[in-house]
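Worksheet: the structure to be examined is printed underneath.
The values are calculated or read from the model by the stated rules, or taken from the named source; none is laboratory data. Please read these numbers as outputs of a predicted model, since none were measured by experiment. Cβ coordinates were reconstructed from backbone atoms using ideal geometry, including for glycine residues, and neighbour counts include every protein chain displayed.
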Amino acid sequence: MAGISFFSTKDQEWDDLDVYVSGVKVAKVTDFEAGVKTDKEYLHAAHVNPLSIQSGNKQYPFKITLLLEAVRSIWAAAVAAGGDDITDVAFDVAGVFRAQGARTMSTISVTGCEISEAMFKMAQNDKKMQVDLPGLAMAIAVV
């Protein structure tokens, strides 16, 4: 039928996500977060109600959680690039959701990422070591 648009009501799933770090697909990802924050505050003057909301600086926090072997690979690449450790290099991260049925491919691109800390922790009865790598980025794009 002409004029009928087909669409998918199915949202993206973890199984549809491929994560790339510096263009290399990383299979050992257990968590991926990225976002944008803008400093905001009320502008108050003569009355008790605010006159407006003022905006300030933007920030682009991200966090990626990897299994230990993936962290070792990125750490080695950072040292090979002249850094002391994983916090000394900048890289890009992309989360790509594969097309599924009528749903098109979508991407979350986080550029200029720098890790602020890497804490290695394992507890009794853990089956694997997961390493949280939080940090800051220069920009985020969602397409």
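Before moving on, here are some points about what is shown:
- Within segment 13-34, considering residues that are surrounded by fewer than 14 Cβ atoms within 10 Å (Cβ to Cβ) and assigned to a loop (DSSP other than H, G, I, E, B), the one modelled with the lowest pLDDT: Glu13
- Among the residues of segment 65-114, the ones that are hydroxyl-bearing (Ser, Thr, Tyr) and outside any strand (DSSP E or B) come to 3 in all.
- Test result for Gly135, touching a Lys or Arg at 6+ places or on another chain (Cβ under 8 Å) and surrounded by 12 or more Cβ atoms within 10 Å (Cβ to Cβ): yes
- Residues in segment 74-104 that are β-branched (Val, Ile, Thr) and out of contact with any helix residue (DSSP H, G or I) (no Cβ under 7 Å at 6 or more places or on another chain): Val79, Thr87, Val93, Val96, Thr104.
- Segment 47-64 - residue that is over 19 Å from the mean Cα position of the chain (by Cα) and assigned to a strand (DSSP E or B) and, of those, farthest from Ser22 (Cα to Cα): Ser52
- Looking only at segment 35-46, and only at residues there that are in a strand (DSSP E or B) and in contact (Cβ under 8 Å) with a residue 12 or more places away in the chain, the one that is farthest from Met138 (Cα to Cα): Tyr42
- Any pair with Cβ under 6 angstrom, 6 or more apart, that starts in segment 55-83 at a residue that is more than 25 Å from Ala141 (Cα to Cα) and ends at one that is surrounded by 14 or more Cβ atoms within 10 Å (Cβ to Cβ) and of a type in the set (A, V, I, L, M, F, W, C): Leu68/Met129; Trp75/Ile86; Ala81/Val89; Gly83/Val89
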